[in-house]
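The structure appears right after this line, and notes come after that.
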Amino acid sequence: MSAANLSISEASQALASGDLSAKELTEDVLQRASMTEGQLHSYMLIDHDGARAAAKEADLKLAAGSGGSLTGIPIALKDNMVTEGIETTCSSKILEGWIPPYDGSLSQSMKAADAVIVGKTNMDEFAMGSSTENSAFGTSRNPWDPTRVPGGSSGGSAVAVAIGSALGSYGSDTGGSIRQPASLCGIVGMKPTYGLVSRFGLIAFASSLDQIGPFSRTVEDSVALLAAAAGPDKMDATSYHGAYPNFGGSLGKGVAGLRIGVVKEFGGEGQEDGVTSRFQATVAALEGAGAAVVEVSLPAAKYAVSTYYLIAPAECSANLARFDGVRYGLRVEGETVEAMMRRTRAEGFGPEVTRRILLGTYALSAGYYDAFYGQAQRLRTLMIQDFATAYASCDVLVSPTSPTTAFKIGERTQDPLAMYLSDIYTIPSNLAGHPAISVPVGNDELGLPVGFQIMAPALAEEVMYQVADAVETLMGRSPMPKLQEVAS
Amino acid sequence: MTEWQTVVGIEIHVELATKSKMFCGCAVNFDSPPNTNVCMVCLGMPGALPVPNETALEWITQIGLALNCSITEDTQFARKNYFYADQPKNYQITQAEGPVCVDGFLDIQVEGEESHRVIIERAHMEEDTGKSTHVGSTGRIHSAEETLMDFNRAGTPLVEIVTTPSIKTGPQARAYAQKIRELVMALGVSDVKLEEGSMRFDSNISVNKPGEPLGTKVEVKNMNSFRSLERATDFEIARQIAAIEAGERIVQETRHWDEEKQTSKSMRSKEGSSDYRYFIEPDMVPMVLGAEWVAKAQAALPELPDAQQARYEALGLDQQAASVIVGLESAYSSILEGAIDAGADARLVSNWLTQDVTAWARSEERALDSTPLTGSALAELSAMVSDGKLSATAAKKTLAAVLEGEGSPEEVAVAMDLLQMSDLGAIEAVVDKLIADNPDDFERLVGGDGRVNGFFVGQAMRATGGKADPKIVNQILRDRADQ
Amino acid sequence: MAIEIDIAHVARLARLGIPEEELAGYGEQLEVILEHAAAVQGADTEGVEPTAHPLGIVNAFRVDEVRPSLDRASVLAQGPDTTDEYFRVPPALETE
């Protein structure tokens, strides 16, 4: 068996015992990538030389007995994470060829942990999208059915882990961009409490919502990846500097006595039957394992998508203003500096990014600010209050991660609003800054994975992981998708 | 005809002299080669995040307290969105609602007028832009062929102080700006050098008839000295009045002051003006500047110019000299105070400082703190004058040489042979010889003709190369005449 | 709620030189999205404070100390058009 199929904890044990070297593991992973990339396109860039050099370093550490939980583990980073000396594009033409002169905090943490960075993964341009179809460099494909999307925006990171082109990866989640592709690809994807993982070096989409989090094949691996990435950072003024949760402190404890809230407002129109049945089966299993299931209400949730599609574009309209052809990235020449900027931005940004910049610019502009952006900020407060009320009667909230399983490539590209509505269950946690995780709970009648979302209050990652771990135990780990032959 | 009412508001930008920039660790240094004090944050690179400089916030708090402002307890940064090549992120991090300082005032004094209270609307924290150099065949902006960008200044902490329209005339505008400069200098939080752009001002001007609504506001920029602020403000007031009286309409616009031509020209129409789309900066968290924060800033406040002026006047300086010293760089105050502490004559020393030393510093283009002049050196010089060792003229020569680094006053006076003749016998010999050589004139002196007294003193000074103390010469002459 | 957008004005504010033939399409898409988003106006938010930051963190400052800047050559190497010392852009001629 290829070592690329191992979980991180399995690989880590094999590395520590000497049964496996980081070099062998890395080569297996690189081989898996070379076998599958032509069809699935999970990576923007594979850093063969860098990965092999890091594996060599890791083997020295392992030989010296000074390895940690990620030493020698091949991981992948979404291409919106700044990596010194390694092209970082956000899957956008406007940044094509940009070689950053600095490392973001996550990249630094990975190097400090002696992880092997395999490469940079494909994504929706600037993390705007739910399918990777908005990448300027081609769509990633779902390993369960390559005619379907892997979800997004962190689709490449999800595919790489699902197929074994990395043992773990990191994505960013602004409205569901980790959890939704994890759900569609049958793996574990987690968004931490806002502020736990530094955003320094994460190319911003919507600053007050963006959060880095891990993809893995097991809940235990998710804990290890989060622990390696989380921590206070002086380079990020929104970083959390208080006491950090013991993320994996309650793994294996089961759910007996825990109160699990099912959100009354979720699960209506647009939710597929296959999703509903796997969700209900999981809730029943939790109840069977001793959890108390209660119904709770999040009245503001019906405004969540609208709220999100005002706040995120508003922030992005400013965050993306810096791409102007002056200091880095694409420049399309013009007679004047203004013309140069206009052309550069028009040619450099794809249609979805353009649409959101326009949307945010409008929502912030004079005369509309209070009706749109101001009102959205107040609804954010209501969302947080609703969560607080709900958590008074339960420990975690659960829902399907996405109302649907993986959809066909091209199916929703002509209807941005339909695409936006697929984030309906994931967005509330971003608005509140709360942690949430998607765990695979089996497949629908088409054989496509279904994800189960567990939401928890701020800094309550421990109980969130406790429930996720129980779900994984009760429903069984997802198998890996069958390796497809490389398409010609 | 009814009088016109003039309404002027002023915006002053002051760059803070913190060690590092507002949101990153790059040095604040204006002398560095281009693009050497830059990093991912101040260049607005993808993924970079701002983290606010605590010292800058302490300093703006002090500025606010010095301007009698309230300090906003719950304050935050905002983004001001507009595209400009020397603004790396294409938004400026500034403050919109709830700036750090609000509702203050500053009393100013225009010579010959009553004291006038300028109302401060707000003072807020923001970041500066980079600098563009327009390169073209004629060197003028509008014929530039390309623009070179240096981002060393980008992200320098900037405090913007905004008045209400509570100023009425050019001289008031000038007095206000000068007083702000003195205040900030006293706080020691900025170089406030107009020529280097670390202090800049814009004027907003309108005119109206009493009882009628305010007129259309025009913004005047590019005033690089206090004098040009005064002139440009008065020019704009006169221009608007003349225009309205000629039946023209004032348009809302920005005008550029041309100091050389003493006129202003329209830059761009503000109609349909920029929509800055302010919103709270999501990359930073709110700042809570509570009572403890304010108390700490209050305790750190140095003596402010009004108090300093009063103290100098109490020490014996005249009002004019005291005011000049308060307005000069702090080295002047410390040298003055050092000299007075060491027993110098306050008036004498303050006159040297405000006249001779400032003139010398201006012509040599030197900062006082880069010279060897100290308070004790000035005290020594003062003592030499009062002991009759130096004439007033010789004292000035000595001072110049001390400033040049040629030695202590005593050393310099000796080396330059400036000491007055202290040997009474030698001066008597000179005077006696003059009397002997000019017996007719001496007779007239004895006869009470005071006019010849000056002749003898002048001759005695000439004969001694100016080193005889004229008081002593006079004394000897009187003695001889009485004999 | 019917929403009409001056899309050319919005594109100008965002400094996007969108080709004339594409502008109207963007305008229509924005109108559809905003009509949906306008649902937020139906919510009762009387007396509700806006949330700009999800966690109640305050006062995240840095100490005023100088840290090394980036090397100029590596900074200028990022630029599409530079001299040995400066970034270079076309002249600013328009008054916007």
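Worth pointing out:
- Close amide H partners of B:THR263, meaning residues 5 or more places away or on another chain with modelled amide H under 5 Å apart, are B:ASP258.
- In sequence order, calculated HN-Hα J values of the range A:311-324 (Karplus, 6.51, -1.76, 1.60; Hz; x Gly/Pro): 5, 4, x, 4, 5, 5, 4, 7, 4, 9, 5, 5, 7, 9
- In chain A, the sites counted are trypsin sites (Lys or Arg not before Pro) in DSSP loop states with at most 14 other Cβ atoms within 10 Å, and the longest stretch holding none of them, exclusive of the sites, is A:1-263.
- Taken over the range A:260-417, the convex hull of the Cα atoms encloses 162 Å³ per residue.
- The range B:310-389, relative contact order in percent, only Cα pairs under 8 angstrom and at least six apart counted: 36
- The range A:295-354, relative contact order in percent, only Cα pairs under 8 angstrom and at least six apart counted: 20
- Highest to lowest packing among B:338-347, A:5-14, scored as the average C-beta count within 10 Å: A:5-14, B:338-347
- Applied to the range B:215-226, the Karplus parametrisation 6.51 cos²θ - 1.76 cosθ + 1.60 on θ = phi - 60° returns per-residue 3J(HN,Hα) values of x, 6, 8, 10, 9, 10, 10, 6, 9, 9, 8, 4 Hz, with x for Gly and Pro.
- Inter-part distance where the range B:336-372 and the range B:406-424 are each reduced to a Cα centre, Å: 20
- Separation of alpha-carbon centers, the range A:425-454 and the range B:88-117, rounded to whole Å: 52
- Here, the range A:1-120 has an Rg and a Dmax of 14.4, 46 Å when only alpha carbons are counted.
- Evaluated over the range A:52-184, the Cα radius of gyration and Dmax, each in Å: 15.0, 46
- Scanning residues 5 or more positions from B:GLU253 or on other chains, those with amide H under 5 Å from its amide H are B:GLU219, B:LYS270, with H placed 1.01 Å from N in the peptide plane.
- Percent of alpha-carbon pairs separated by more than 50 Å within the protein assembly as shown: 37
- Label-point separation, A:LEU417 to B:PHE30 (7 Å along Cα→Cβ), nm: 5.6
- Taking the DSSP beta bridges with both ends in the range A:1-152, the antiparallel portion is around 50 percent.
- Take each residue in A:95-104, count the other chain C-beta atoms within 10 Å of its C-beta, and the mean is 4.
- Whole-number percent relative contact order across chain A, with pairs defined as alpha carbons under 8 Å at least 6 apart: 18
- Percent antiparallel among DSSP beta bridges (both partners in chain A, rounded to 5): 65
- Going from the residue with the fewest nearby Cβ atoms within 10 Å to the one with the most, A:TRP144, B:TRP360 rank B:TRP360, A:TRP144.
- Cα gyration tensor category, rounded, prolate or oblate, for the range B:1-86 with a/c compared to 1.5: prolate
- Overall form of the range A:396-483 per C-alpha gyration tensor (a/c, 1.5; a/b vs b/c): oblate
- Extending 7 Å from Cα along the Cβ direction at B:GLU97 and again at B:MET267 yields two label points whose distance is 2.9 nm.
- Gyration tensor (alpha-carbon) shape descriptor, chain B, a/c threshold 1.5: prolate
- Ranked list, fewest to most other Cβ atoms within 10 Å of each Cβ, for B:SER274, B:SER391: B:SER274, B:SER391
- Crossing angle, helix B:170-187 versus chain B [Cα axis fit, 0-90 degrees, rounded to tens]: 80
- Cα-based Rg and Dmax for chain C, where Dmax is the largest Cα-Cα distance (Å): 22.4, 58
- In this entry, the range B:293-415 is assigned a mean projected area of 8.3 nm², taken as a quarter of its C-alpha convex hull surface.
- Average beta-carbon neighbours from other chains, 10 Å sphere, peptide A:198-208: 4
- Angle in degrees between helix B:305-314 and the longest Cα principal axis of chain B, rounded to the nearest 10: 10
- Each residue of the range A:128-137 is assigned a 3J(HN,Hα), and the resulting list reads 9, x, 10, 8, 6, 5, 8, 5, 6, 10 Hz, derived from the Karplus form 6.51 cos²θ - 1.76 cosθ + 1.60 (θ = phi - 60°), x at Gly and Pro.
- Isolated Cys residues of chain B, judged by Cβ distance under 4.7 Å to other cysteines: B:CYS24, B:CYS26, B:CYS39, B:CYS42
- In the protein assembly as shown, helical runs assigned H by DSSP with n ≥ 4 each contribute -39500 (n - 2.57); averaged across all residues and rounded to the nearest 500, the mean residue ellipticity at 222 nm is -11500 deg cm²/dmol.
- Inter-probe distance in nm under a simple model that places probes 7 Å from Cα toward Cβ, at B:ARG249 and B:LEU214: 2.0
- Close amide H contacts of A:PHE452 (hydrogens built in the peptide plane, cut-off under 5 Å, sequence separation of 5 or more or a different chain): A:THR401, A:VAL439, A:VAL441.
- Cα long-axis angle, helix B:424-437 against chain B (0 to 90 degrees, to the nearest 10): 70
- Taken over chain A, the ratio of Cα radius of gyration to 2.2 N^0.38 Å equals 0.91.
- Stretched out straight at 0.36 nm per residue, the stretch from B:SER70 to B:ARG347 would grow longer than its current Cα-Cα span by 95.9 nm.
- Alpha carbon convex hull of the range B:334-483, volume per residue in cubic angstrom: 120
- Leading residue at positive end of dipole, the protein assembly as shown (Cβ point charges), from A:ILE437, A:GLY290, A:LEU70: A:GLY290
- Packing-based order for B:311-319, A:382-390, using average beta carbon neighbours within 10 Å, highest first: A:382-390, B:311-319
- The distance linking the range C:53-93 with the range A:104-147 is 26 Å (Cα centroid to Cα centroid, whole angstrom).
- Across peptide B:115-128, the average count of Cβ atoms from other chains found within 10 Å of a residue's Cβ is 0.
Every number here is computed from the coordinates shown, using simple stated rules; none is lab data. Computed from a predicted structure; not experimentally measured. All Cβ positions, glycine included, derive from the backbone under ideal geometry; neighbour counts span all protein chains shown.
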